[in-house]
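Below: one structure, written as structure tokens.
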Amino acid sequence: MSWDSPGGSKGGIGSFLTGFLLCGIGLFMLGRKVVVFSGYHSFFGNNSFGVELVCFMLGIGFLFFNSKSPIGWIISAGSVIMILLSLIMSLRLRLHYLSLTETMIIFAMIAGGFGLIGKGLFTTSSDY
């Protein structure tokens, strides 16, 4: 693979790198305007953490009684997965104030970057 064939095609490395840079700057600018905060812990409803905690305690109890118990491992692992999923699902995203001009510039940079990446990866030298 040479410098003028990113992705195994005969497209240009310049288009690919320019698109990668443009897309990266646009995504960085968008990421600077996003605020992440957490809401309430709710996987099966508003007050479901107790059920998940009881399942976890039950699985740990099985494991203390018999460490080779497959049901204990399944219950414990399942409840840990449910707790982690409910924590991730309780995260909320919000955009800071953006003017129309800022929004158009950010999304034009991202779309243009992806377009140049595609041009660099999938076009042949005869298309130039």
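Throughout, read-outs are computed from the coordinates displayed, never taken from laboratory work. This structure is a prediction, so every number in the text was calculated from the model and none was measured. Virtual Cβ from ideal backbone geometry, glycine too; neighbours counted across all protein chains shown.
Which ³J(HN,Hα) values, rounded to whole Hz and listed in residue order, are derived for the range 17-28 from phi using the Karplus coefficients 6.51, -1.76 and 1.60 in 6.51 cos²θ - 1.76 cosθ + 1.60 with θ = phi - 60°, glycine and proline given as x?
Along the range 17-28, the couplings run 5, 5, x, 5, 5, 4, 5, x, 5, x, 5, 5 Hz.
Local charge sum around Leu98 (other residues, Cβ-Cβ under 15 Å, Lys/Arg +1, Asp/Glu -1)?
+2
Given R₀ = 41 Å, what would the calculated FRET efficiency be for His96 paired with Val51, taking r from the Cβ atoms and rounding to 0.05? Walk me through the numbers on the way to the answer.
Working: r = 36 Å, r/R0 = 0.88.
The value I calculate is 0.70.
Output the Kirkwood hydrodynamic radius of the range 12-99, Cα pairs only, in Å rounded to one decimal. Intermediate values should be presented prior to the final figure.
Details: mean 1/r = 0.0605 Å⁻¹.
Hydrodynamic radius (Kirkwood, Cα pairs) of the range 12-99 is 16.5 Å.
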